[in-house]
Amino acid sequence: MPGKLGLHLFYSKDPQIRAYLPPTSVLNRGSFYRLMRRYQSVFIKPNMSHMGKGIIKVWSTKKEFRFVKVKGDVRSFRNLESTYNAIQKQTSTGLYIIQRTIDLAILNTRPFDIRVMMMRNAQNQWQYAGMLAKVAGRSSVITNVNRGGGYATSIGNALDISLRLSPIQKQRIIHELIRLSHRICNRFNKYKYSSQIGIDFGIDQHHKLWIIEVNFDYPSHELFNKLKDKTMYRKIKSVRNTYLKALRAGKISRK
């Protein structure tokens, strides 16, 4: 099965990766009621879309249920049935998935997630190339910088300000991100061939990491160009160029 659901099922077969995946189901009335009653907040995503397109966040308060699409107006409803009926009208085309909301760490009142860039090098091996934090735009429920109006900042800055980690704690999280990214990419080899993968991770208030999305179709390089320090951006471009040069020379192949 293609899309987000297919990748979720594919990675769920690896016990080490499965521990980092949020509960996910095909969207229908039963799964909506079940996940909302259990977690009080969910994300609904088009199975085949990327870059934050069409994402809906739903959550409950003491008196009502609310949802917002990307960064639009908040709509309110009295019960789960009327909430789902309204959502159904916006998700009638194609397959949608529903996921538990991750209580993302906050940077200056806005949630952020982490992008790790993995690339094949001139030896056709996966190499870590860089990571950064993507901060959600004002009143946006997504962290996609272009669509949500957010911004990119260094991972060190985000972890320092948001979670007030010690240097040892911060280094431990960064090492875990890189280790897990290598495992994700090595398993992806069994799914299909890709030469570059951008992995979006969430980190919650308890410092637990979550896998949000594995982007294998042209993950953005320019995201790293938004950082003041261009070291990672230059590294990404260098690794990419040496890979393409080796590919053109016939030293490696796409398989």
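Computed quantities for the displayed model
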item: Neighbours by Cβ (under 8 Å, 6+ apart or cross-chain): first from region 23-35, farther than 20 Å from SER12 by Cβ; second in a helix (DSSP H, G or I) and of a type in the set (A, V, I, L, M, F, W, C); result: PHE32/LEU80; PHE32/ILE87; TYR33/LEU80
item: Check on LEU227, under 11 Å from GLY130 (Cβ atoms), part of a loop (DSSP other than H, G, I, E, B) and not hydroxyl-bearing (Ser, Thr, Tyr); result: yes
item: Lone unmet requirement of (1) farther than 16 Å from GLN123 by Cα; (2) open to solvent by 30 Å² or more (accessible area, probe 1.4 Å); (3) touching a Lys or Arg at 6+ places or on another chain (Cβ under 6 Å) for THR231; result: (3)
item: Count of region 181-201 residues which are touching a helix residue (DSSP H, G or I) at 6+ places or on another chain (Cβ under 9 Å), of a type outside the set (Ser, Thr, Tyr) and over 19 Å from PHE112 (Cα atoms); result: 7
item: Residue in region 135-145 that is at pLDDT 90 or above and within 29 Å of ARG234 (Cβ to Cβ) present; result: yes
item: Filtered residues of region 199-222 (kept if out of contact with any Leu (no Cβ under 8 Å at 6 or more places or on another chain) and among the small types (Gly, Ala, Ser)); result: SER220
item: Restricting region 86-137 to residues that are closer than 26 Å to LEU5 by Cβ and of a type in the set (Gly, Ala, Ser), the residue that is surrounded by the fewest Cβ atoms within 10 Å (Cβ to Cβ); result: SER92
item: Close pairs (6 angstrom Cβ cut-off, 6 or more residues apart or separate chains): farther than 8 Å from ILE44 by Cβ in region 96-107, open to solvent by 10 Å² or more (accessible area, probe 1.4 Å) and part of a loop (DSSP other than H, G, I, E, B) anywhere; result: ARG100/PRO23; ASP103/GLN205
item: Tally, over region 183-201, of residues that are part of a helix (DSSP H, G or I) and without any contact (Cβ under 8 Å) to a residue 60 or more places away in the chain; result: 1
item: Test set (1) under 16 Å from the mean Cα position of the chain (by Cα); (2) over 20 Å from ALA133 (Cβ atoms) - TRP210 fails condition number; result: (2)
item: Residue match in region 158-180 (condition: in contact (Cβ under 8 Å) with a residue 12 or more places away in the chain, open to solvent by less than 60 Å² (accessible area, probe 1.4 Å) and under 27 Å from PRO46 (Cα atoms)); result: yes
item: Single residue of region 146-155 satisfying the filter (in a helix (DSSP H, G or I) and open to solvent by less than 20 Å² (accessible area, probe 1.4 Å)) that is modelled with the highest pLDDT; result: ILE155
item: Criterion violated by TYR218 - all others in (1) over 15 Å from the mean Cα position of the chain (by Cα); (2) within 17 Å of GLY130 (Cβ to Cβ); (3) open to solvent by 50 Å² or more (accessible area, probe 1.4 Å) satisfied; result: (1)
item: Region 243-255, residues that are open to solvent by 60 Å² or more (accessible area, probe 1.4 Å) and in a helix (DSSP H, G or I); result: LYS245, ARG248
item: In region 29-75, the residues that are of a type in the set (Val, Ile, Thr), open to solvent by less than 10 Å² (accessible area, probe 1.4 Å) and either more than 22 Å from ILE212 (Cβ to Cβ) or touching a helix residue (DSSP H, G or I) at 6+ places or on another chain (Cβ under 8 Å) (or both); result: VAL42, ILE44, ILE56, VAL58
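The values are calculated or read from the model by the stated rules, or taken from the named source; none is laboratory data. Everything numeric in this text was worked out from a predicted model, so none of it was measured. We place every Cβ from the backbone using ideal geometry, glycine too, and count neighbours over all the protein chains shown. When the accessible area is computed, the model is the full protein with side chains, heavy atoms only, and any ligands, DNA or RNA have been set aside. Shrake-Rupley method; radii C 1.70, N 1.55, O 1.52, S 1.80 Å.
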